[in-house]
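The values are calculated or read from the model by the stated rules, or taken from the named source; none is laboratory data. Keep in mind that what you see is a predicted model, and the values were worked out from it rather than measured. Ideal geometry is used to build each Cβ from the backbone, glycine not excepted, and the neighbour counts take in all protein chains shown.
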Amino acid sequence: MPDGKTHTRLHKRYIPYATAVGVGLATLSGRPSTGVAFVAGYLVGLLIEPDLDMVGITESERRAMRWLVVLAVPWLFWWSIYAALPFFRHRSLLTHYPLLSTLIRLLWLFVPVLFISGVMQWDVQPFLGALLSREEAWVFAFGLSLSDLVHDAADRGWSAARP
Ligand SMILES: [Zn+2]
């Protein structure tokens, strides 16, 4: 099974393909922001990825410590809870199946937002409604899902994803 460094190398290998898809989407939709959202989603896969289901510091969490600086503390805390939950077992359907696991991880990130906004009595419903009605938000999720697909393909040993 590939380690974190191998996953990172494979992810970077597919950046040109993700960019080509992004350019295609921007051309087809006539909106550059759609293409940017797809590529951004793919690149965010360097931080939000299937192996966050592993207890302990993963390769992407080490990257988060470098890139997110102070924000890395709540980031690592929140993902350590995710990793510890029994239904998010390592390489299970819920953490590794592309699209399904992508959406679960994105929802997981919304839990503290909803909790904090509930405590602070902020009305985030208009914000969430506006976000979810944007084409870019969904295209972003598809870009992130492509990243997860590359990861899962490598875990399964598919030849296109060999190191
Ligand atoms: Zn994995």
Filter result for the condition that a residue is within 22 Å of TRP108 (Cα to Cα), assigned to a helix (DSSP H, G or I), touching an Asp or Glu at 6+ places or on another chain (Cβ under 9 Å) and free of Cβ contacts under 8 Å to residues at least 24 places away in the same chain, over LEU76, LEU71
LEU76
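Given the criteria within 14 Å of the ligand (Cβ to nearest atom), surrounded by 18 or more Cβ atoms within 10 Å (Cβ to Cβ), closer than 30 Å to THR27 by Cβ and at pLDDT 95 or above, does GLU49 qualify?
Yes; evaluated as a whole, the condition is true for this residue.
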From the list LEU144, LEU128, LEU114, exactly one residue is in a helix (DSSP H, G or I), touching a helix residue (DSSP H, G or I) at 6+ places or on another chain (Cβ under 9 Å) and surrounded by 18 or more Cβ atoms within 10 Å (Cβ to Cβ). Which is it?
LEU144
Kindly evaluate ALA83 against the criterion of being small (Gly, Ala, Ser), under 21 Å from ASP148 (Cβ atoms) and assigned to a helix (DSSP H, G or I).
yes
Tell me the residue from VAL70, VAL44 that is surrounded by fewer than 18 Cβ atoms within 10 Å (Cβ to Cβ) and either at pLDDT below 95 or out of contact with any helix residue (DSSP H, G or I) (no Cβ under 9 Å at 6 or more places or on another chain) (or both), please.
VAL70
